[in-house]
2 protein chains.
Amino acid sequence: MKKEKYNQTIFFKNCPKIIGNFSVVGPKEGLGNFGEYFDVILKSDDFNEKTYEKSERKMLETAVTGAIKSAKLKNEDIDMILAGDLLNQSISASYTARTFDMPYLGVFGACSTMAESLAVGACLIDGGYFGRVACATGSHFSTAERQFRFPLELGNQKPPTSQWTCTASGCSILSSKGNGPCITSATFGKVTDYGISDVNNMGAVMAPPAMNTLLSHFYDTKTKPTDYDLIVTGDLGKFGKQVLIELMEDKGVILGENYVDCGDMMFKESQDTLMGGSGCGCSASVLNSYILQKMKEGVYNKVLFVATGVLLSTTAAQQGETIPGIAHCVVIENLRGKKCY
Amino acid sequence: MKKEKYNQTIFFKNCPKIIGNFSVVGPKEGLGNFGEYFDVILKSDDFNEKTYEKSERKMLETAVTGAIKSAKLKNEDIDMILAGDLLNQSISASYTARTFDMPYLGVFGACSTMAESLAVGACLIDGGYFGRVACATGSHFSTAERQFRFPLELGNQKPPTSQWTCTASGCSILSSKGNGPCITSATFGKVTDYGISDVNNMGAVMAPPAMNTLLSHFYDTKTKPTDYDLIVTGDLGKFGKQVLIELMEDKGVILGENYVDCGDMMFKESQDTLMGGSGCGCSASVLNSYILQKMKEGVYNKVLFVATGVLLSTTAAQQGETIPGIAHCVVIENLRGKKCY
């Protein structure tokens, strides 16, 4: 690997622990590959609300409530909620925070939000500032499509490179005390733009920032892909995953068989989602169900979780801008008495 | 003051220092009360760009570049940029981060962003995770009005309670080393909603969260208003400021003569801005010009900076939601060899 100047990774000495987690998904996601792992699968994606935006928010609230309960805690035990989402002004996160009587730190990283909130949350715990924080995000197919692309009623055909925004939410509770997988390091990504302007090819937008963050992570931590039981990107989808593999190969890094992508894995082939799942909720729900479950079972002990985001704006697109992306990552480890950094 | 359960404040032991700062404002702001303190006053609010959005971004880039230079540093000396803004998907912040080759942490708190980015940035410095970070935000009258209210071309009359979104940007450089005013504590706010649905009365939305954050701050830090040389809220404006004073009085706290509001002070009476300035850039530009200048001169030695934000969304408003707000605050002190907490 070519050595470049990187200094994007921070290390946690006091092992912020994931002591609770919860996932809520829509019916289509429930029929996908992780159906048996999700905590709640909705019967209808409107969640008995009058609008999809209200449904998205209710899913996020349900995820936060579920995660707090799974940690055997009450709302008042949580010092802060860190959250964000895809909607303008992060309304799902902000209105969710209104429901819970706790300080709110709004973060923005589009679909990289799960890793971003965990990274910042881990700093707040590790630095001794707070004892327990909730890190959450989510997305909804019907809110994202109509905000970023076309009214659903138009019934537009999706081009072959497009992905399916997941109707899904996830929340993790981080704590200074207790038991659970630890967050041992985090790498903050740079905004990276390879000149893509196709709003239906998010994989191509996100692969370059994922590469940048992974190269920085491996360099900063002096690790290589085989040091992890699982390297999991957020929602590159089938095409973006292949682009990332090839970009990394060009840099001399073979991601290998332990590399997977949540968007690629979310749906079954028969579900006709083209390049697979996307959205903040994609990686958030897979992390807070399947991945953490398999870590608790000891199937995985060291996971590199890389959430990838497209910083897509219709206004910027209309003004001729290309679409930048970003990726943040955290390392989640079963330490079993071993020390952090 | 009635004692309630608060635990929203964190304390910094290692004194993150503001070693550089810069402000950029539009022509109208330059003619206001702080004209002589701003670093750059634009001749035209399009800043020679084709759109107001591109102008807003260029102002933010100029503020970041200026702050780095004022700290006698180069871009590569900065470990991270923490930024956010009012536009959908925080495009000013994200595209600014694209320009600078540094990790980006997107934060969302609407007009509370300056305090939010300083609070999170101070954690990253104080916790020893990074050495130097840039905290920045900005806003533009013409981008905010057309996104949140009406097309400018309509020439709508503004109702008496409305404020004038400032065309302004500000950036502070935080560092673990060097000299400058220190951030000694930060209080993270809760999302607070008193049921206001009038998009032209932002002061009424922001006063309750400002009260919540101030009550928590005074309780958590065991201080009272007279312990500060200056208590400055972000952009409550003339009406919101009066509401906050009365809300606090109801709780038994007299804010007193050392309490001011950036929105209230920004413009001259003759400039016809009704309740005064607003927008992320309002408090960001006043902090990064007048306030830090007066701290360096020793006029103020302990400042409580409370940035206030309206979590306004046209989508949520159309779906019948009321408008929540949030406020975050930081204490900025001239320590002159004294210890932090």
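The values are calculated or read from the model by the stated rules, or taken from the named source; none is laboratory data. Given the structure is predicted, the values throughout are model-derived calculations rather than measurements. Neighbour counts are summed over all protein chains in view; Cβ atoms, including those assigned to glycine, are modelled from backbone coordinates with ideal geometry.
Check the stretch B:240-261 and report whether any residue there is basic (Lys, Arg) and outside any loop (DSSP other than H, G, I, E, B). Yes, the conditions are met somewhere in the stretch B:240-261. Residue pairs whose Cβ atoms lie under 9 Å apart, sitting 6 or more positions apart in sequence or on different chains, and linking a residue in the stretch A:322-341 that is within 19 Å of A:Thr9 (Cα to Cα) and within 14 Å of chain B (Cβ to nearest Cβ) to a partner that is hydroxyl-bearing (Ser, Thr, Tyr) and surrounded by fewer than 16 Cβ atoms within 10 Å (Cβ to Cβ), do not occur here. Residue check, A:Gln89 against (1) buried (at least 21 other Cβ atoms within 10 Å of the Cβ); (2) in contact (Cβ under 8 Å) with a residue 12 or more places away in the chain, all met but one. Which one? Only one criterion in (1) buried (at least 21 other Cβ atoms within 10 Å of the Cβ); (2) in contact (Cβ under 8 Å) with a residue 12 or more places away in the chain is unmet by A:Gln89, namely (2).
When the stretch A:234-270 is filtered for residues that are out of contact with any Phe, Trp or Tyr (no Cβ under 8 Å at 6 or more places or on another chain) and among the polar types (S, T, N, Q), the ones remaining, listed by number, are A:Gln242, A:Ser270.
Note on the stretch B:85-177: enclosed strands (runs of 3 or more DSSP E) holding 3 or more residues that are at the interface with chain A (Cβ under 9 Å from one of its Cβ atoms) and of a type outside the set (Phe, Trp, Tyr) are B:104-108. Taken over the stretch B:156-167, the criterion of being out of contact with any Phe, Trp or Tyr (no Cβ under 8 Å at 6 or more places or on another chain), crowded, with 23+ Cβ neighbours inside 10 Å and not polar (S, T, N, Q) is satisfied by no residue.
When A:Ala210 is tested against (1) in a helix (DSSP H, G or I); (2) over 26 Å from A:Phe12 (Cα atoms); (3) touching a helix residue (DSSP H, G or I) at 6+ places or on another chain (Cβ under 6 Å), only condition (2) is not met.
B:Leu230 fulfils the conditions (1) farther than 25 Å from A:Ala97 by Cα; (2) surrounded by 22 or more Cβ atoms within 10 Å (Cβ to Cβ); (3) among the hydrophobic types (A, V, I, L, M, F, W, C) except for a single criterion, (2).
Filtering the stretch A:251-290 to residues that are in contact with a helix residue (DSSP H, G or I) (Cβ under 9 Å, 6 or more places away or on another chain) and without any contact (Cβ under 8 Å) to a residue 60 or more places away in the chain leaves A:Ile254, A:Leu255, A:Gly256, A:Asn258, A:Tyr259, A:Val260, A:Asp261, A:Cys262, A:Asp264. Number of residues in the stretch A:256-309 that are among the acidic types (Asp, Glu) and within 15 Å of the chain's Cα centre (by Cα): the value is 2. Of all residues assigned to the stretch B:109-130, at least one qualifies as being among the acidic types (Asp, Glu), at pLDDT 95 or above and at negative phi. Within the stretch A:119-137, is even one residue within 30 Å of A:Gly155 (Cβ to Cβ), out of contact with any Lys or Arg (no Cβ under 6 Å at 6 or more places or on another chain) and either touching a residue at least 12 places away in the same chain (Cβ under 8 Å) or buried (at least 22 other Cβ atoms within 10 Å of the Cβ) (or both)? Yes, the stretch A:119-137 contains at least one residue that is within 30 Å of A:Gly155 (Cβ to Cβ), out of contact with any Lys or Arg (no Cβ under 6 Å at 6 or more places or on another chain) and either touching a residue at least 12 places away in the same chain (Cβ under 8 Å) or buried (at least 22 other Cβ atoms within 10 Å of the Cβ) (or both).
Yes/no matrix, rows are residues, columns are (1) surrounded by fewer than 24 Cβ atoms within 10 Å (Cβ to Cβ); (2) more than 30 Å from B:Val40 (Cβ to Cβ):
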| residue | (1), (2) |
| --- | --- |
| B:Lys177 | yes, no |
| B:Phe188 | no, yes |
| B:Thr192 | yes, yes |
| B:Asn201 | yes, yes |
| B:Ala204 | yes, yes |
| B:Ala207 | no, yes |
| B:Leu215 | yes, yes |
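For B:Thr223, indicate whether it is free of Cβ contacts under 8 Å to residues at least 24 places away in the same chain and not in a helix (DSSP H, G or I). Yes; evaluated as a whole, the condition is true for this residue.
In the set (1) closer than 25 Å to B:Tyr290 by Cα; (2) more than 10 Å from chain A (Cβ to nearest Cβ), the condition left unmet by B:Ile81 is number (2). Please determine whether any residue of the stretch A:66-75 is under 21 Å from B:Ala110 (Cα atoms) and modelled with pLDDT of 95 or more. So far as the stretch A:66-75 goes, no, none of its residues is under 21 Å from B:Ala110 (Cα atoms) and modelled with pLDDT of 95 or more.
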